[in-house]
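Enquirer: I'd like to ask some things about the structure below.
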């Protein structure tokens with residue numbers, strides 16, 4: 001049944017013929033089983049739902065089973081090998097496509113650990129790139145605010161330096177080391193001391209004002225850093241979920257190609273083995289019986305077509321002869337003439353009535 005053979009003919013064939021088609025059918029069946037497993041795994045990596053993956057995997061396996069059964073059953077054995085090869089060529093191409101589709105999900109499962117390692121490296125790279133891209137969004141603003149903070153601190157440092165210089169000036173004046181070089185707190189000392197006190201008050205006021213500004217700007221930087229961290233945390237699950245079917249297929253392509261190629265060759269051999277089995281096997285008892293049955297149907301159909309043609313030609317000939325004989329009869333001529341006269345009179349009366357209605 002799986003080989004697509006006519007079971008009625010095969011039952012009356014030899015055991016060898018039955019064994020041959022049992023082998024072909026078994027290959028078709030187990031190829032469909034492998035297709036079901038492969039499709040179920042591939043769908044599970046996408047939907048992560050066991051029941052739906054198994055359900056659609058079975059649907060896919062039945063589809064592959066039907067295709068394989070169709071491919072094998074449509075190859076007809078004949079005495080001309082080239083004709084058989086020509087029949088099998090498009091079917092072999094289709095079998096290659098099916099083998100690729102079946103083998104790829106199983107390759108993903110077989111090399112799962114290696115693929116996970118490749119995906120881990122890719123995720124780490126994506127994490128670094130993601131952090132760098134997010135940092136590029138916030139770093140310029142943070143650097144600008146930090147520059148403003150540094151400028152405010154620089155203003156305080158400049159004012160402190162000026163205050164310290166004035167302090168050193170009036171102390172040196174009192175000690176007689178600079179200025180008038182007179183020891184004591186004279187008018188010059190008082191003038192310099194007064195100037196220092198004014199600058200010192202300005203320094204205290206500047207520190208108070210700039211400190212508030214610095215605290216405000218530092219809070220802005222802290223808020224930006226918090227936003228940056230939150231964005232990194234929000235986008236990280238997207239990177240962690242980077243292990244879908246397409247990502248795994250791409251990761252598989254980065255691994256050495258030879259093991260995957262051998263797995264593909266294995267499934268290609270399984271998928272094409274029923275076709276080559278039919279091509280390489282000689283014509284057997286089943287093939288002769290099947291050809292005999294097909295020829296019988298073909299002959300019967302041709303007989304019916306030819307019989308219909310002959311019946312049509314005979315009917316046409318009889319009709320032509322019958323009408324030719326009738327056309328010479330005087331009685332038929334007179335009857336036809338009478339009916340034509342009545343028809344023309346009725347037409348004339350109808351025309352006359354329509355004209356009267358028009359005139360009113």
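The values are calculated or read from the model by the stated rules, or taken from the named source; none is laboratory data. Just so it is clear, the structure is predicted and the values come from calculations on it, not from any experiment. Ideal geometry is used to build each Cβ from the backbone, glycine not excepted, and the neighbour counts take in all protein chains shown.
Enquirer: Which residue, of 89, 36, is surrounded by 14 or more Cβ atoms within 10 Å (Cβ to Cβ) and farther than 24 Å from residue 240 by Cβ?
Expert: Working: 89 fails: surrounded by 14 or more Cβ atoms within 10 Å (Cβ to Cβ).
Going through 89, 36 in turn, just one is surrounded by 14 or more Cβ atoms within 10 Å (Cβ to Cβ) and farther than 24 Å from residue 240 by Cβ: 36.
Enquirer: Shifting gears a bit: Quick check on my filter: what residues within the stretch 245-269 are assigned to a loop (DSSP other than H, G, I, E, B) and within 12 Å of residue 122 (Cβ to Cβ)?
Expert: 254 - this is the single residue of the stretch 245-269 that is assigned to a loop (DSSP other than H, G, I, E, B) and within 12 Å of residue 122 (Cβ to Cβ).
Enquirer: Report whether or not residue 92 is without any contact (Cβ under 8 Å) to a residue 60 or more places away in the chain and either under 24 Å from the mean Cα position of the chain (by Cα) or in the same structural domain as residue 271 (by TED's automatic domain parsing) (or both).
Expert: Against the criterion (without any contact (Cβ under 8 Å) to a residue 60 or more places away in the chain and either under 24 Å from the mean Cα position of the chain (by Cα) or in the same structural domain as residue 271 (by TED's automatic domain parsing) (or both)), residue 92 does not qualify.
Enquirer: Can you find a residue that is closer than 27 Å to residue 240 by Cα, in the same structural domain as residue 266 (by TED's automatic domain parsing) and modelled with pLDDT of 85 or more anywhere in the stretch 40-49?
Expert: The answer is yes; a qualifying residue exists.
Enquirer: For the stretch 189-240, which positions are under 30 Å from residue 123 (Cβ atoms) and in contact with a helix residue (DSSP H, G or I) (Cβ under 8 Å, 6 or more places away or on another chain)?
Expert: Once the filter is applied, which keeps residues that are under 30 Å from residue 123 (Cβ atoms) and in contact with a helix residue (DSSP H, G or I) (Cβ under 8 Å, 6 or more places away or on another chain), the stretch 189-240 yields 221, 224, 225, 227, 228, 231, 232, 235, 236, 239, 240.
Enquirer: Is the stretch 294-301 home to any residue that is modelled with pLDDT under 80, within 47 Å of the chain's Cα centre (by Cα) and more than 30 Å from residue 106 (Cβ to Cβ)?
Expert: Looking through the stretch 294-301, at least one residue is modelled with pLDDT under 80, within 47 Å of the chain's Cα centre (by Cα) and more than 30 Å from residue 106 (Cβ to Cβ).
Enquirer: Taking the options 247, 223, name whichever one is within 33 Å of the chain's Cα centre (by Cα) and either touching a residue at least 40 places away in the same chain (Cβ under 8 Å) or closer than 19 Å to residue 152 by Cβ (or both). Show your work before the answer.
Expert: Numbers: 223 fails: within 33 Å of the chain's Cα centre (by Cα).
Answer to the selection: 247.
Enquirer: Would you mind finding the one in 281, 273, 327 that is modelled with pLDDT under 80 and farther than 30 Å from residue 88 by Cα?
Expert: Being modelled with pLDDT under 80 and farther than 30 Å from residue 88 by Cα holds for just one of 281, 273, 327, which is 327.
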